[in-house]
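Engineer: What follows is a structure written as structure tokens; I'll ask about it next.
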Amino acid sequence: MRTCTFAGLVLCAAAFTVPAAGGKADNLNGTWTPVSIEIDGKKLPDKEVVGPRLVIQGNNFTLHVEKRTVKGTFKADPARTPKTIDAHYEEGGKKMTVLSIYTFQGDTLTVCSAEPGKARPKDFKTAKGDGRELTVYRRQKP
């Protein structure tokens with residue numbers, strides 16, 4: 001799995017439980033698995049989407065991808081349109097920040113992420129060479 005996919009998955013993890021408009025929280029706690037991933041305008045084959053697992057609890061996330069596990073925190077701003085997330089984690093001894101936007105409905109979480117160090121996306125699209133990742137997650141049933 002490519003690094004930007006891993007970073008994008010980390011960023012997706014950051015949407016956790018955040019207040020939505022009207023004072024209610026987006027309840028994103030639980031275990032999530034990706035159902036589709038698009039990077040730089042290309043959709044990944046289904047076989048590459050299967051396997052990653054994202055566990056969200058409060059403002060913390062744990063991402064399991066192949067033999068790697070990453071833990072991090074996030075800060076979300078649900079008052080912005082679209083909603084935003086800043087995810088923070090460490091990889092290879094380096095502190096990383098990934099900026100993204102998200103939408104949440106029922107058991108579906110959609111996140112569009114930039115590569116670490118790049119500007120936050122403004123829409124839920126990817127294009128060749130833009131370094132963005134669009135991931136759609138589904139929450140696993142307990």
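Laboratory data are not the source of any read-out in this text; all were calculated from the coordinates shown. Here the structure is a predicted model, which is why all the values come from computation and not from measurement.
Engineer: Kindly provide the Kirkwood hydrodynamic radius of region 74-115 in Å, to one decimal, from all pairs of distinct alpha carbon atoms.
Structural biologist: When all Cα pairs of region 74-115 are included, the Kirkwood radius is 11.1 Å.
Engineer: Can you list the lysines whose alpha carbon is less than 29 Å from that of LYS83, not counting same-chain residues fewer than 8 positions off?
Structural biologist: Once the sequence-local lysines are set aside, what remains near LYS83 is LYS24, LYS42, LYS43, LYS71, LYS75, LYS94, LYS95, LYS118, LYS122, LYS125, LYS128, LYS141.
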